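Asker: Following this message is one structure expressed as structure tokens.
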DNA sequence: ACTATATTTGACCAGTTTTGTCAAAACACA
DNA sequence: TGTGTTTTGACAAAACTGGTCAAATATAGT
């Protein structure tokens, strides 16, 4: 199962870049990027988009990864997760009308 | 489509109670309850449980309503909602193993 | 319109959480 | 050991939450 951190770590490694270099390019402290890569901290939406652009990753893929991490985080109480997701789906459907 | 606010407003009206009374009973400021009923503010989990108990509503129903409101709130970008919910589902499934 | 009561609104505060900065510690490896 | 990279943790700044209160607004009865 993928997650935001893995995606950006792999992308960085594939390009053979150091945290320092990415940090300079994106103007984000390298300590923070390190934490993003280990899923220790959640980036802002802006930052997600910066990573997508810089690593040339699909913006949507990265956003979905990031948002679903956030949703999972809301559902601490696993036991209700299924019901909650179903309910959320219904609400979204309803909103679209 | 229901939501947390509607549920507790209807419950209160069915019991013929004033905000003031509920506020006193639950020790929550009536201005806040008013905002909960209009979905202007999100209660804490504790508060959700207080309402369930006081109005004798099913705890789980109320929690699902509350959590799914939270999830929908995360998904500002409706266009990705379906993908995000599917991804979240996968992550939950994965976590369970 | 006036009164009385109920609800909503908005300004403000305090406490918590999140985000960013930095330097030291830990790690990798020649 | 020496050099360069990554991780960790302490700290501060900023943003967000949750609560309090009183004034404004709405509602109903007279």
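Asker: So how much slack lies between residue B:35 and residue B:70, counting 0.36 nm per residue of separation and subtracting their Cα-Cα distance, in nm?
Answerer: 11.1 nm
Asker: Starting from the 7 Å offset along Cα-to-Cβ, what nm value, one decimal, do you get for the label separation of residue A:3 and residue B:77?
Answerer: Once both label points are built, they end up 2.1 nm from each other.
Asker: Now a separate question. Sort shortest first the distances from residue A:82 to its counterpart in every other copy, using label points 7 Å along the Cα-to-beta-carbon line, and give them in nm.
Answerer: 2.3
Asker: At q = 0.09, 0.17 Å⁻¹, work out log10 I(q)/I(0) for the protein assembly as shown with the Debye formula, treating every Cα as an identical point scatterer and leaving solvent out; two decimals please.
Answerer: Each listed q corresponds, in turn, to -0.44, -1.04.
Asker: Another one. First measure r as the distance between the Cβ atoms of residue A:93 and residue A:60, then evaluate 1/(1 + (r/R0)^6) with R0 = 22 Å and state the FRET efficiency to the nearest 0.05.
Answerer: Given R0 = 22 Å and the Cβ-Cβ separation, E is 0.65.
Asker: For chain B, find the longest principal axis of its Cα atoms and tell me its angle to the long axis of helix B:59-74, 0 to 90°, nearest 10.
Answerer: So the helix axis and the longest Cα principal axis differ by about 60 degrees.
Asker: Which distances in nm, rounded to one decimal and ordered from shortest, link the label point of residue A:21 to the equivalent label points in the other identical copies, with labels set 7 Å from Cα toward Cβ?
Answerer: List, nearest first: 7.0 nm.
Asker: Right, another one. How many partner chain Cβ atoms sit within 10 Å of a residue's Cβ in peptide B:71-82, on average, as a whole number?
Answerer: If you average over the peptide's residues, the count of other-chain Cβ atoms is 6.
Asker: Could you calculate the FRET efficiency of residue B:18 with residue A:42 from 1/(1 + (r/R0)^6), where r is the beta carbon distance between them and R0 is 41 Å, rounded to 0.05?
Answerer: After rounding, the FRET efficiency stands at 0.50.
Only the coordinates and a few stated rules stand behind these numbers; no lab work does. Since this is a predicted model, take the numbers as computed values, not measurements. As a convention, Cβ positions derive from the backbone with ideal geometry for all residues, glycine included, and neighbour counts pool all protein chains shown.
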